[in-house]
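What follows is calculated from the coordinates using simple rules that are stated; it is not laboratory data. Just so we're clear, the structure is a prediction, and the values are computed from it rather than from any experiment. Methodologically, a virtual Cβ is constructed for each residue, glycine included, from the backbone with ideal geometry; neighbour enumeration extends over all protein chains shown.
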Amino acid sequence: MDRHQRLTSILDLLSESGSLSVEEAVEKLGASSATIRRDLEHLAQQQLLTRTRGGAVAATVSYDLPLRYKVGRQAPEKERIAQAVATFIRPGSIVGLNGGTTTTNVARAIAMHDDFQDHRSGTGLTVVTNALNIASELAVRPHIKVVVVGGVVRTHSYEIIGPLAERLLEAISVDLVVLGVDAVSPDRGAMAFDEGEAATNALLARHAEQVMVAADSSKLNQRAFAHILPAQAIDVLVTDAAADAETVQRFQDAGIDVIRA
Amino acid sequence: MQQRGTRRGTRERHKALLDLLRQGTTHVDELASALGVSASTVRRDLGRLNADRIVARTYGGAVIPEAFHERPIEESARTRLQAKGAIAVAARPLVSPGATVFIDAGTTCAALARLIAEHDWAGDPPVVVTRGLETATILASSDQVDVVILGGRIRRLSHGVVGPLTDLALDRLSFSVAFLGADAVDPARGIGEPTLEETAVKERIAAHSQRVAVLADSSKLAVSDAPAWTTLPPAWTLVTDSDAPAELERSAGDSGVTVLVAGRS
């Protein structure tokens, strides 16, 4: 497990249970206690957690997490996808992020990336999002300006949907939108289970210069109820190494650049 | 010689008293017990320190007025929880079934949001509009209440949205009551905030509301000054806790402000 993975795992453990002792982290992550303490210091300096006597507590005000955020450790593929997306993003740019586990990972990768550390020198980022949890995680970072779109907050989810977002999106510029999806295929484009989410995701994408879909290989060539965007509207797909060559080729034939993380 | 000794003793006791106040012991009986003196001695000391404007009297004792200091919401979520909970309980009845209300960012407003989310509205829930991430998230857990969040730029410490992007949504909305949080509050001046951005958004919200209720625990009353003040429309309501200064209701009345003290009937 490399350092990035270990830091992410620490944050995941914290979001599951709210607090973490050094011993637990040593046991679960297989690192020395000196390493864990250094990691905790590093994350505390970035205000991603608060140090306590024997470990740490989650930095954000804790509240009920939707079930999908509680489920176990994040898959390593999503972590690699998140790192690839973070590397793609230009410092100083304006990035849109919708909700979901993949984009939540992207948000964390952005938060910890060394390239986006200083707003004044123009390397900080502006993130526009419709996900409350992403907004909360990024709001504490001094070098990231966070804008949340307006709208109705869906029950039991972290997502803001509805036409109110349009007023805000019309007033700003977005360089790149990164969309998490439930399914993506070269013929149907990007899809979501919920039509309300799909409509807001489409709104986010429509106001962006460049559209990126971040989806692990299990979502490729799948179908879901509501269409977000046709394939022609997607510029880049970031997926994991398990995506087979034929599928990748079909996406490329549809005019989509593919990055396999 | 006897008098000088007494004065030195009094000075030392005043110093010990201030140390205790700083550490969070604020009630007369606790102070008396810690100092090994009578309650009336403590009251006399507090009267003196108050006259010298070093402490502010509260209902049961005193606090040292703080310089304005905006805390991150993570920190304020761990302080004065009982007072905030009591304020939320006192404020909840101001929300009528079926009404559209505004609830601000911050932990006291979040406590109110929690009560609203847990309440059984018998088929006629309010609609809540908010500018706070925590308020929105708490209400998102309710099957009954619809919550709308205003868009805009999120402020790092308070997690509340501000700015011209927020105004875009506000234009279309109107509230029967707006519950506003505060970093400082003064019945004569309104709500104290760290920047003009907050005062701007709160003034706009107040302008769209039939009634304004400020939810502020008594520590916000003991803040000496604030960088920016939100002017509120006349006849607003302040909901605070029972540690508020004894003369608050009178001085608030002079400004046309109604005071609701949580925990007192």
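Placing unit charges on C-beta atoms (Lys and Arg positive, Asp and Glu negative, everything else neutral), compute the dipole magnitude of segment B:73-261 about its Cα centre in debye, rounded to 20.
180 debye
Within 10 Å of each candidate Cβ there may be at most 11 other Cβ atoms; applying that plus a DSSP loop requirement, which trypsin sites (Lys or Arg not before Pro) in segment B:183-228 survive?
Sparse-neighbourhood loop trypsin sites (Lys or Arg not before Pro): none present.
Take A:GLN5 and B:GLN23, extend 7 Å from each Cα along the Cα→Cβ direction, and tell me the distance between the two endpoints in nm.
It works out to 4.9 nm between the two label points.
How would you rank A:SER21, B:SER142, going from fewest to most other Cβ atoms within 10 Å of each one's own Cβ? Please report the intermediate quantities before stating the final value.
Working: A:SER21 14, B:SER142 20.
By the 10 Å Cβ count, ascending, the order reads A:SER21, B:SER142.
Considering only the other residues whose Cβ falls under 12 Å of the Cβ of A:PHE88, what net charge follows from Lys and Arg at +1 and Asp and Glu at -1? Intermediate results must be reported in sequence, preceding the final value.
Values: positive: A:ARG90; negative: A:ASP115, A:ASP175, A:ASP235, A:ASP257.
That works out to -3.
Hey, with R₀ at 30 Å, roughly what FRET efficiency would A:SER21 and B:ARG71 work out to, going by the Cβ-Cβ distance, to 0.05? Spell out each step's value before the answer.
On the way: r = 26 Å, r/R0 = 0.87.
In this case the efficiency is close to 0.70.
Evaluate the distance, in nm, between pseudo-label points positioned 7 Å from the Cα of B:ARG78 and of B:ALA51 along their respective Cα→Cβ axes.
Using points 7 Å along Cα→Cβ, the separation is 4.0 nm.
For A:GLU159, B:GLU247, B:GLU70, which order do you get if you count the other beta carbons within 10 Å of each Cβ and list the fewest first? Intermediate results must be reported in sequence, preceding the final value.
Working: A:GLU159 24, B:GLU247 9, B:GLU70 18.
Ranking A:GLU159, B:GLU247, B:GLU70 by Cβ neighbours within 10 Å, fewest first, gives B:GLU247, B:GLU70, A:GLU159.
What do you get for trypsin sites (Lys or Arg not before Pro) in segment B:12-58 restricted to DSSP loop and a cutoff of at most 15 other Cβ within 10 Å of the site's Cβ?
Passing sites in segment B:12-58 are B:ARG53.
Expressed in nm to one decimal, what extension gain is obtained for the pair B:ALA39 and B:ILE64 from 0.36 nm per residue of sequence separation less their Cα-Cα distance?
On the way: separation 25, 0.36 × 25 = 9.00 nm, distance 1.86 nm.
Full-extension gain reported as 7.1 nm.
Each residue of segment B:16-26 in turn: what ³J(HN,Hα) in whole Hz from Karplus with 6.51, -1.76, 1.60 and θ = phi - 60°, glycine and Pro shown as x?
5, 4, 5, 4, 5, 4, 4, 7, x, 8, 10
Karplus couplings for segment A:76-87 from phi (6.51 cos²θ - 1.76 cosθ + 1.60, θ = phi - 60°), rounded to Hz, Gly and Pro as x?
In residue order, the calculated couplings are x, 5, 5, 5, 5, 4, 4, 5, 5, 5, 4, 5 Hz.
Once you have a ≥ b ≥ c as the square roots of the Cα gyration tensor eigenvalues for segment B:197-242, tell me rounded if a/c is under 1.5, and otherwise prolate or oblate according to whether a/b is larger than b/c. Working shown, then result.
Numbers: a/c = 2.51, a/b = 1.26, b/c = 1.99.
Oblate.
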